[in-house]
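Taking it in order: structure first as structure tokens, then the write-up.
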């Protein structure tokens, strides 16, 4: 991309920040240019956020009915999926899926709960419970 074509759409998802992009100058040399974003990128980001909120709402409903553990809800509420949570915790995906079952989750050792709480960035007590009413959903 050429320097004068680097998007500068001041998108809301950047929160008044800029992103570094590489662009070529008139001589064809690469240089670093700050971009305030591109409208198409903003829409894609907002669409992804809406999808994660939808998944969190569904997960909350399943956990509230006792069909899934609170972990299942907190994973989506923190905008993660199974793959990301597995990478963040160092646990196998099949093992995490087992922990989505309420009976299995209730018996998890403290060490595993702390691993999840660290990966999700929430206190252990929060991890083990559903919020009364999630305002973000």
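Summary table
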quantity: Tally, over the stretch 38-71, of residues that are more than 30 Å from residue 6 (Cβ to Cβ) and in a helix (DSSP H, G or I); calculated: 14
quantity: Residues within the stretch 1-38 that are in contact with a helix residue (DSSP H, G or I) (Cβ under 7 Å, 6 or more places away or on another chain) and within 27 Å of residue 49 (Cβ to Cβ), tallied; calculated: 7
quantity: Subset of the stretch 90-115 (residues that are part of a helix (DSSP H, G or I) and over 19 Å from residue 129 (Cα atoms)); calculated: 93, 94, 95
quantity: The stretch 22-37, residues that are surrounded by 13 or more Cβ atoms within 10 Å (Cβ to Cβ) and outside any loop (DSSP other than H, G, I, E, B); calculated: 23, 24, 33, 35, 37
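Conditions (1) surrounded by 16 or more Cβ atoms within 10 Å (Cβ to Cβ); (2) modelled with pLDDT of 95 or more; (3) assigned by TED's automatic domain parsing to the domain that holds residue 59, marked per residue:
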| residue | (1), (2), (3) |
| --- | --- |
| 70 | yes, yes, yes |
| 74 | yes, yes, yes |
| 78 | yes, yes, yes |
| 81 | no, yes, yes |
| 89 | yes, yes, yes |
| 93 | no, yes, yes |
| 104 | no, yes, yes |
| 123 | no, yes, yes |
| 135 | no, no, no |
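The values are calculated or read from the model by the stated rules, or taken from the named source; none is laboratory data. Model, not experiment: these values are computed from the prediction. In this analysis, Cβ positions are derived from the backbone assuming ideal geometry, glycine residues included, and neighbour counts consider all displayed protein chains.
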